[in-house]
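For reference, the structure is listed below as structure tokens.
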Amino acid sequence: MTDAPLRTDWTDRLANGTAPEPDALRGHLRRIHRDHAGFTESCAMRCRDAAGRTSYAWLAEAVEPARHRVLLDLACGSGPLLQLCHASLPADIRLIGVDMSPDELALARDRLPEGRARLIEAQAQQLDELDDGAVDVALCHWALTLMDPVAPVLEEVGRVLAPGGRFAALVDGPAEAAPGYADVHDLIYGHVQAELPAYGTVDLGDPRVRSSDDLVALARAALPGASVRIETSVVTMSGPAETLAQEAAGFFYAAFVLSPAARLRMLADLAGLLSDMAPDGQPTFAMPVNRLVADLA
């Protein structure tokens with residue numbers, strides 16, 4: 001194993017003090033998803049809210065089978081949400097998955113029955129293979145945060161949704177909603193900035209998506225006349241500190257730019273932090289999550 005950290009055009013531009021372009025961000029994300037396909041679900045599948053739901057299940061609850069007959073999973077990744085929808089929704093509901101990573105789509109294809117879902121390799125800003133009004137409900141699990149520019153994504157969602165359609169997306173919630181989340185975030189970013197000082201000065205994606213008020217404004221601008229709301233929840237997972245540290249770190253894109261040696265140091269420190277936050281109980285990692293729901297007129 002090489003001890004060199006992940007470096008892409010996006011990280012190189014950060015290091016040089018140059019603002020990365022959207023194409024550099026997409027290349028950076030493609031590289032991570034090529035080298036670590038399926039990593040997002042490994043953490044998300046273990047986290048549960050107070051009702052025992054995964055974030056995928058909470059998002060899927062936005063689907064109303066009686067009126068949503070064609071479902072789009074935008075940035076479907078390795079297909080866990082599509083698999084859940086296949087298992088829990090009527091078999092005659094059409095499923096469509098879009099992702100820009102061929103490596104993630106390959107995993108999605110393998111986990112679904114042949115022909116169950118139409119899988120499309122495309123960027124969320126250009127859903128050219130979908131006709132106007134072709135979709136009744138569009139879901140996006142924790143990927144809208146990474147999209148830049150994001151306004152064209154929302155406009156494309158509005159184009160492909162049928163009148164009265166629904167868009168539901170999970171994004172980062174307010175850090176203060178989840179005890180200890182800010183400490184975990186700051187620890188990971190501290191290790192990353194020791195190797196790449198400029199990391200964090202430029203957001204992955206559009207920072208407005210991380211603000212509830214700004215996200216609502218973006219959705220209303222792109223989806224005129226839509227009824228828009230945001231709900232906040234917290235998902236958690238517990239376990240041995242060392243295992244928990246590895247799974248929690250896997251949800252932070254920043255962790256992937258660390259060299260293997262630096263990653264081991266970060267994981268050791270993170271395990272210590274998680275243990276310190278639970279002196280009399282089992283270590284727990286909590287993540288805040290917002291669910292945006294927009295209903296078209």
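Any read-out appearing in this document is the output of simple, stated calculations on the displayed coordinates, not a laboratory observation. Being a predicted model, the structure only gives us computed values, none of them experimental. Backbone-built Cβ (ideal geometry, glycine too); neighbour counts: all protein chains shown.
Overview of values
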read-out	value
Crossing angle, helix 102-111 versus the chain [Cα axis fit, 0-90 degrees, rounded to tens]	70
Dipole moment magnitude, nearest 20 debye, region 189-244 about Cα centre, only Lys, Arg, Asp, Glu C-beta charged	260
Given charges at beta-carbon only (K, R positive; D, E negative), |dipole| of region 108-188 in Debye	340
Total charge dipole magnitude, the chain, about the Cα centre, Cβ charges on Lys, Arg, Asp, Glu only, Debye to nearest 20	440
Whether region 162-297 is rounded, prolate or oblate, judged on the alpha carbon gyration tensor where a/c under 1.5 counts as rounded	prolate
Relative contact order for region 39-119, counting Cα pairs under 8 Å that sit 6 or more residues apart, in percent	27
Residue among P20, P207, P224 with the largest mean-square fluctuation in a Gaussian network model of the chain, springs linking Cα atoms under 10 Å	P224
Using alpha-carbon coordinates, inclination of helix 212-222 to the longest axis of the chain, degrees	30
At 1.567 mPa s and 4 °C, Stokes D of the chain from Kirkwood alpha-carbon radius, µm² per second	66
Rounded tilt (10° steps) of 151-160 against the dominant C-alpha axis of the chain	30
Centroid-to-centroid separation of region 163-238 and region 110-150 [C-alpha atoms, Å]	20
Extension gain (nm, one decimal) between E114 and R159, 0.36 nm per residue minus Cα-Cα	13.4 nm
Alpha-carbon centroid distance for the pair region 22-84 / region 278-297, whole angstrom	15
Antiparallel bridges, percent of DSSP beta bridges restricted to region 9-295 (to nearest 5)	50
For L258, residues with placed amide H under 5 Å, excluding near neighbours	L6
Top positive-direction residue, dipole computed over the chain with Cβ charges, set A178, V235, P163	P163
